[in-house]
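Each remark here refers to the structure printed beneath this line.
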Amino acid sequence: ARQRFLLEAQVTGGLEHPGIVPVYGLGHFWDGSPFYAMRFIRGDSLKEAIDTFHQQRAEGTSNVSRQAYAHDVQFRELISRFIDVCFAMEYAHSRGVLHRDLKPGNIMLGKYGETLVVDWGLAKATTDTDDTPKSSGNLDQEAPLVPASGGSSAETQMGRAMGTPQFMSPEQACGRLDELGPRTDVYSLGATLYQMLTGTEPISASTMGS
């Protein structure tokens, strides 16, 4: 738990992107217990926004045309937030970092348009980046992120699933660590989009074992 805590602080602090919550400092208390300071986020999670949207849609109003217009605007706002998350994850993947626990509850929506991906406790830092060809002299491309505490998979045993079952990719759910990659997070993004569209999780508790 200590190693993952330090990794979360180092990974989050090393990913400088408007869509990733910033970490300002990492240190230790007098007894050696680690701590890190991060931005205080005011707002709701994407999950709460999705629940509110679908609840209002189900309740309806007497003015059908106004209702349809309001729902269209709200949904466009949700989609805009989702696109912001995609850009944030594209950046993280370009630095060789996987989140491994993407879900609506780990996406925070600020009251002034901020969209932040939080909770990087299961992040995996690798030396692999995206498959886009790059010139060795491209100064715009940041180097892969290498946390001081090392990668996150050292304490994860092969065959052990870690994450949120309803949003995990098949390879992650089966604990096939050697198959994890950017597509693992992309699957979770797709599951998040599914919940945005339908108001329900892609896999329910009653069907997880089937």
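The table that follows gives values for the structure above.
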| read-out | value |
| --- | --- |
| Solvent exposure, largest accessible area first (probe 1.4 Å, DNA, RNA and ligands not counted), of THR126, THR184 | THR126, THR184 |
| With DNA, RNA and ligands ignored, accessible area of TYR187 (1.4 Å probe; Å², nearest 10) | 90 Å² |
| Accessible surface ranking that places the most exposed of LYS47, LYS124, LYS111 first, with a 1.4 angstrom probe | LYS111, LYS47, LYS124 |
| Accessible area (Å², 1.4 Å probe, nearest 10) - VAL186 | 80 Å² |
| Per residue, in Å², the accessible surface of region 10-62 once ligands and nucleic acids are set aside, probe 1.4 Å | 64 Å² |
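The values are calculated or read from the model by the stated rules, or taken from the named source; none is laboratory data. All values derive from a computational prediction rather than experimental measurement. Heads up: the accessible areas ignore ligands, DNA and RNA and are worked out on the full protein's heavy atoms, side chains in. Shrake-Rupley method; radii C 1.70, N 1.55, O 1.52, S 1.80 Å.
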